[in-house]
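For reference, the structure is listed below as structure tokens.
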Amino acid sequence: MNIIFFTHPRFLGHQSMPRFANMLVNGMKKKGHQVEVWTPKPNFHKLPATETLKKWLGYIDQFIVFPIVVKQRLKSVDKNTLFVFTDNALGPWVPLVSNMNHVIHCHDFLAQRSAFEGIDENLTGFTGKLYQKIIKKGYTKGNNFISVSKKTQSDLHKLLNFTPAVSEVVYNAMNRDFAPQKIDDTRIKVAKETGIAFLDGYILHVGGNQWYKNRIGVVEIYNELRTHFNITKPLLLVGTEPNNELLNLIVSSPFQKDIHSLSECSDEMVKNLYSGASLLLFPSLDEGFGWPIAEAMASGCLVVTTNEPPMTEVGGQAGFYIPKRPLNLNNSNWALESAGIVNDVLSLNPITHKKNVLQGIENVGRFKQKKMLEAVEEIYSKIITKE
């Protein structure tokens with residue numbers, strides 16, 4: 001097959017999307033397919049400007065300059081080429097090739113749902129709604145879709161006003177190698193790297209400040225855990241530096257000295273953090289997939305997450321589940337109930353703990369790169385044949 005991948009421009013500074021795109025690109029190359037990558041260049045974005053202005057200059061590169069470049073390139077493209085959009089957020093470019101062989105990879109529709117349905121936890125402003133409308137107008141011109149979870153597929157079908165020709169689910173594959181390590185060794189490495197004594201274990205959360213990551217809920221659960229149960233393990237927040245709301249909650253916590261945050265961790269450090277953790281606490285309100293759940297399980301770390309899809313899709317029978325954090329209700333009841341479940345997991349006897357670790361490792365066998373790439377390749381081939 002001749003495959004052209006559309007990807008987010010590098011100047012946006014994304015992390016997970018480039019990893020996903022590289023996995024597809026390199027995977028299809030290794031399978032012997034002819035592959036190209038089309039992505040906007042920073043013609044205007046590279047100009048000296050404030051961060052706000054750079055954002056708008058980047059829009060010029062993406063939505064004015066790049067479409068012109070694509071139209072020129074299309075004049076010399078073989079008609080049997082398959083155009084692959086590595087993210088549904090690249091919707092504005094879909095109409096450029098909607099009458100040719102194409103497929104759109106869908107990760108999540110959280111921003112779309114916020115804009116069109118109204119999610120109380122994440123109200124969208126006028127410009128945000130306009131931007132999401134442009135994205136939707138684009139991807140609804142497509143006919144073929146691959147979603148990373150059944151939850152994402154369900155959201156896609158609700159947003160489309162037609163039944164797509166192809167709509168398949170292929171679960172994400174981990175794009176980094178995670179495996180269990182000796183717990184004591186990894187905790188020593190983490191302690192040396194951070195200067196914090198984590199030798200008796202720690203509760204881990206991995207994620208950013210996005211509303212759906214529910215980092216506020218993580219700290220709420222931790223406060224209740226320390227208040228009502230005989231647990232003294234510290235809490236480690238890994239990812240983006242805490243925003244003001246989260247920082248204020250941490251500062252006001254009676255257990256502030258045991259709440260730590262780390263940002264800009266290397267891949268090796270993240271692997272060590274998973275392997276050395278007592279458990280991953282991941283009470284997300286929503287996700288497209290939920291990478292940390294799979295990464296933690298692959299590292300031999302138990303996972304406590306929300307009893308909602310797609311977290312339940314990823315965690316399967318190996319996860320431990322808590323209710324979704326309620327909005328504008330008595331969150332202390334939710335946090336206390338969740339803390340009780342966390343305490344139960346931390347209190348597992350060694351035999352049960354090992355059994356659950358092995359169950360988690362077996363569960364994430366579903367998310368191997370080889371399996372994912374084979375499924376994607378099969379769908380790509382069917383689209384080419386069908387068209």
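The values are calculated or read from the model by the stated rules, or taken from the named source; none is laboratory data. Being a predicted model, the structure only gives us computed values, none of them experimental. Here Cβ is always computed from backbone atoms with ideal geometry, including for glycine, and neighbour counts include all displayed protein chains.
Side notes on the structure shown:
- Search result, residues across region 101-111 that are touching a residue at least 40 places away in the same chain (Cβ under 8 Å) and either in contact with a strand residue (DSSP E or B) (Cβ under 6 Å, 6 or more places away or on another chain) or surrounded by fewer than 23 Cβ atoms within 10 Å (Cβ to Cβ) (or both): 101, 102, 103, 104, 105, 106, 107, 110
- In this structure, residue 240 does not qualify as within 17 Å of the chain's Cα centre (by Cα), within 22 Å of residue 357 (Cα to Cα) and not assigned by TED's automatic domain parsing to the domain that holds residue 153.
- For region 268-294, the set of residues classified as buried (at least 23 other Cβ atoms within 10 Å of the Cβ) and among the acidic types (Asp, Glu) consists of 286, 287, listed by residue number.
- Check on residue 161, touching a residue at least 40 places away in the same chain (Cβ under 8 Å), over 21 Å from residue 20 (Cβ atoms) and more than 19 Å from the chain's Cα centre (by Cα): no
- Scanning region 300-324 for residues that are in contact with a strand residue (DSSP E or B) (Cβ under 9 Å, 6 or more places away or on another chain) and assigned to a loop (DSSP other than H, G, I, E, B) yields 301, 302, 307, 308, 319, 323, 324.
- Helices (runs of 4 or more DSSP H) wholly inside region 1-102 containing at least 1 residues that are at pLDDT below 95: 16-30, 51-60
- Flag if residue 284 is assigned to a helix (DSSP H, G or I), in contact (Cβ under 8 Å) with a residue 40 or more places away in the chain, out of contact with any His (no Cβ under 9 Å at 6 or more places or on another chain) and assigned by TED's automatic domain parsing to the domain that holds residue 203: no
- Test: residue in region 247-267 that is surrounded by fewer than 21 Cβ atoms within 10 Å (Cβ to Cβ), touching a residue at least 40 places away in the same chain (Cβ under 8 Å) and of a type in the set (Phe, Trp, Tyr): no
- Boolean, residue 128 is in contact with a helix residue (DSSP H, G or I) (Cβ under 7 Å, 6 or more places away or on another chain) and not assigned by TED's automatic domain parsing to the domain that holds residue 331: yes
Yes/no matrix, rows are residues, columns are (1) closer than 25 Å to residue 385 by Cα; (2) surrounded by 15 or more Cβ atoms within 10 Å (Cβ to Cβ):
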{"residue": "34", "(1), (2)": "yes, no"}
{"residue": "37", "(1), (2)": "yes, yes"}
{"residue": "44", "(1), (2)": "no, yes"}
{"residue": "49", "(1), (2)": "no, no"}
{"residue": "52", "(1), (2)": "no, no"}
{"residue": "78", "(1), (2)": "yes, no"}
{"residue": "88", "(1), (2)": "yes, yes"}
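- Checking 361, 322 one by one, the residue that is surrounded by 15 or more Cβ atoms within 10 Å (Cβ to Cβ), at pLDDT 95 or above and under 25 Å from residue 269 (Cβ atoms) is 361 and no other.
- Inspection of region 238-257 identifies no residue that is under 18 Å from residue 343 (Cα atoms) and part of a helix (DSSP H, G or I).
- Considering region 295-319, the residues that are within 15 Å of residue 359 (Cα to Cα) and touching a Gly at 6+ places or on another chain (Cβ under 6 Å) include one that is surrounded by the fewest Cβ atoms within 10 Å (Cβ to Cβ), namely 318.
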